[in-house]
C-alpha cells in the first residue's frame, strides 16, 4: 500500500493493509519525518514506537466492540476507562423482567453458595415485576403509554442486582485499548473484566498484530489467563 503526505509530496510504501496500523505508522513518520529509513516494515516501525513509549500516535487507530453477556458490575468497572465511548442498554426503556443474571464462577462452583445466589436474584426479579406492575397502576393518569412504562421501570430497577446482564457498545483507540488490556488483563483484576480483556486482546492480535503483538497470555493456577507485556504505559 502506498501512503502519501501532501505537505511534503512524500510517498512511502507500507506492507500492511490494516487501516489502524497504517494510521499509526503515518502519524509516527510525520513526527519523525521518517519515510522508510531504518525500520521499513510497519511492524518494525510500530514496535519501535511501543518500545520508546510514543503512544500518542496510536490514538489515531479506532475500533468498536459490542460486549454482551456481562453484568452491570462489569460495566461499572469498564466505564472508569474515560477514553472509551459507550452506549449501554437502557433499564429505563427495556423491560428487565426476563433478563439474565451473570453468576461469578466462584459462586457457581459451590452448590450451597449457588443456592443462596439463586434465591437472591430470583427474589429481586419478583420484586421488580411487582414494582413495575404497581407503579404502572400508580401512573395511570399519565396518558402516554411509553412514558408510563419508563417511569415505572426507572423506579423499579432500583431493586435489580449488579449481577443483571447487560449489553454495551464500546469504541476506543489503540492506546486506550492497550491500557485496558494491560490494567484489566492483570491477574489482580476482577475475574469477569479480566475475561473480557483477554478476549479483546485475542481479537486485537488478529485485527492489528503490529499494534498488539508484544502482549502474551499467561496461564494462571485456576485455569484462566492473564495478559502481559514488557512495554507498559505506552
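Listing for the model above:
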| quantity | calculated |
| --- | --- |
| Ascending count of other beta-carbon atoms within 10 Å, so fewest first, for 125, 153 | 125, 153 |
| 19 Å reach of a label modelled at residue 127, 7 Å along Cα-to-Cβ, counting backbone N of region 137-164 | 152-164 |
| Rg(Cα)/(2.2 N^0.38 Å) for region 132-173, N = residue count | 1.58 |
| Extended-chain gain in nm, criterion 0.36 nm per residue less alpha-carbon gap, residue 15 and residue 159 | 46.4 nm |
| Residues 138, 233 arranged by fewest to most Cβ contacts within 10 Å | 233, 138 |
| Cα shape, region 38-136, gyration tensor, a/c 1.5 rule | prolate |
| Which of 101, 128 has the fewest Cβ neighbours within 10 Å, and the rest in rising order | 101, 128 |
| Between helix 19-32 and the chain: long-axis angle, C-alpha atoms, 0 to 90°, nearest 10 | 50 |
| Using distinct alpha-carbon pairs, which all enter the 1/r mean, Kirkwood radius of region 92-170 in Å | 13.8 |
| Between helix 111-138 and the chain: long-axis angle, C-alpha atoms, 0 to 90°, nearest 10 | 70 |
| Cα-Cα pairs of the chain separated by more than 32 Å (percent) | 39 |
| Separation in nanometres of the label points that stand 7 Å from Cα toward Cβ, at residue 222 and residue 112 | 1.9 |
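Taken together, the values in this text are just the output of simple stated rules run on the coordinates, not laboratory data. Note that the coordinates shown come from a computational prediction; the quantities given were computed from them, not determined experimentally. Every residue, glycine among them, receives a Cβ derived from its backbone with ideal geometry; neighbour counts consider all protein chains shown.
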